[in-house]
Protein chains: 2
Amino acid sequence: MSMSLELTPVQAAACCAPLARQPLSESEAEGIAPLLKALADPVRLRLMSMVASHQGGEACVCDLNDAFDLSQPTISHHLKILHEAGLLDREKRGVWVYYRARTEALKNLAALIGGQAA
Amino acid sequence: MSMSLELTPVQAAACCAPLARQPLSESEAEGIAPLLKALADPVRLRLMSMVASHQGGEACVCDLNDAFDLSQPTISHHLKILHEAGLLDREKRGVWVYYRARTEALKNLAALIGGQAA
DNA sequence: CAAAGACATTGATGAGTGTAAATATTTACG
DNA sequence: CGTAAATATTTACACTCATCAATGTCTTTG
């Protein structure tokens, strides 16, 4: 089950109810926390940043693997977590797999915790 | 690279270099991840939101305890994590302890992951 | 078809985490 | 002082997580 697009509570909270405006409901918090959890790891933060800052907002796994001293399965695991959180899109082209940053998800998250409601 | 924008790693990460502009360094990622980790829990997210949205941006622990079905030590533990991450300030007034949201820290974090550099 | 390469999955393990019960600390007040 | 109230700390435990080694799946190419 890949529930990556079903983020209604998150989006609702992300666009119109910054953290500092009114207390988050329990369900809102439980919808948002997984997104932060996915980002709350140094390796995943760098992966997210590498993909998002790469040409076209996407990057091949082959490029990402070499940037770390970690095993290939570990990188694959982190990418999966970011993907399942809805922060990275995944596309297979031939033998290679490309991940694309969902900048809209990042912006929503930023708007939620930082203010600046959309 | 003709556009020169020389910044220290700290400033770059905190104020002027969104996640999507250039790949985060290992040390930058290791500095930011703990902040996200502190927020990446439903209870702490609600605590943070309750404090930030409260009158004057601060709230008494006594108010926070009652909002959850958790034990008092557990709430105290979560508040400590948010405090040590630099997201909440702590001030004791008489018998009561008040926590205050560091909105600047939240804004910096939001600017980093969502863009909108300061 | 066979071999090789890119990426994912499985299984195992040591480290970290959220929680509560019990206890300690601090402050106010009689 | 002694008691009560507010908050923090300690201890213990079930659970999750980051990681790697081994293996599996898919795609290209000889």
Residues of segment A:57-77 being out of contact with any Phe, Trp or Tyr (no Cβ under 9 Å at 6 or more places or on another chain) and not aromatic (F, W, Y), which ones? A:G57, A:D63, A:N65, A:D66, A:A67, A:D69, A:L70, A:S71, A:Q72, A:P73, A:S76, A:H77
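Taking the condition within 20 Å of B:E30 (Cβ to Cβ) and touching a residue at least 12 places away in the same chain (Cβ under 8 Å), does A:A105 pass?
No.
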Please find, within segment A:92-102, the residue that is nearest to the chain's Cα centre (by Cα) out of those that are more than 10 Å from DNA strand C (Cβ to nearest atom) and either surrounded by fewer than 19 Cβ atoms within 10 Å (Cβ to Cβ) or in contact (Cβ under 8 Å) with a residue 40 or more places away in the chain (or both). A:A101
Report the residue count in segment B:67-118 for those that are away from chain A (no Cβ under 13 Å) and farther than 14 Å from B:P34 by Cα. 19
Condition first: closer than 28 Å to B:S49 by Cβ and in a loop (DSSP other than H, G, I, E, B). Can you find one or more residues in segment A:101-110 that meet it? yes
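Just need a number here: residues in segment A:43-66 that are within 12 Å of DNA strand C (Cβ to nearest atom) and surrounded by fewer than 20 Cβ atoms within 10 Å (Cβ to Cβ).
Summing the residues that are within 12 Å of DNA strand C (Cβ to nearest atom) and surrounded by fewer than 20 Cβ atoms within 10 Å (Cβ to Cβ) in segment A:43-66 gives 7.
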Condition first: farther than 21 Å from B:E30 by Cα, under 17 Å from the mean Cα position of the chain (by Cα), more than 15 Å from DNA strand C (Cβ to nearest atom) and within 12 Å of chain B (Cβ to nearest Cβ). Can you find one or more residues in segment A:29-37 that meet it? yes
For the list (1) more than 8 Å from DNA strand C (Cβ to nearest atom); (2) surrounded by fewer than 21 Cβ atoms within 10 Å (Cβ to Cβ), I need the number of the one condition that A:L88 fails. (2)
Residues in segment A:41-66 that are of a type in the set (A, V, I, L, M, F, W, C), under 18 Å from A:K107 (Cβ atoms) and at the interface with another protein chain (Cβ under 7 Å from one of its Cβ atoms): how many? 3
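Read the figures in this text as sums done on the coordinates, not as results from a lab. All of these numbers come straight from a predicted model, not from anything done at the bench. Ideal geometry is used to build each Cβ from the backbone, glycine not excepted, and the neighbour counts take in all protein chains shown.
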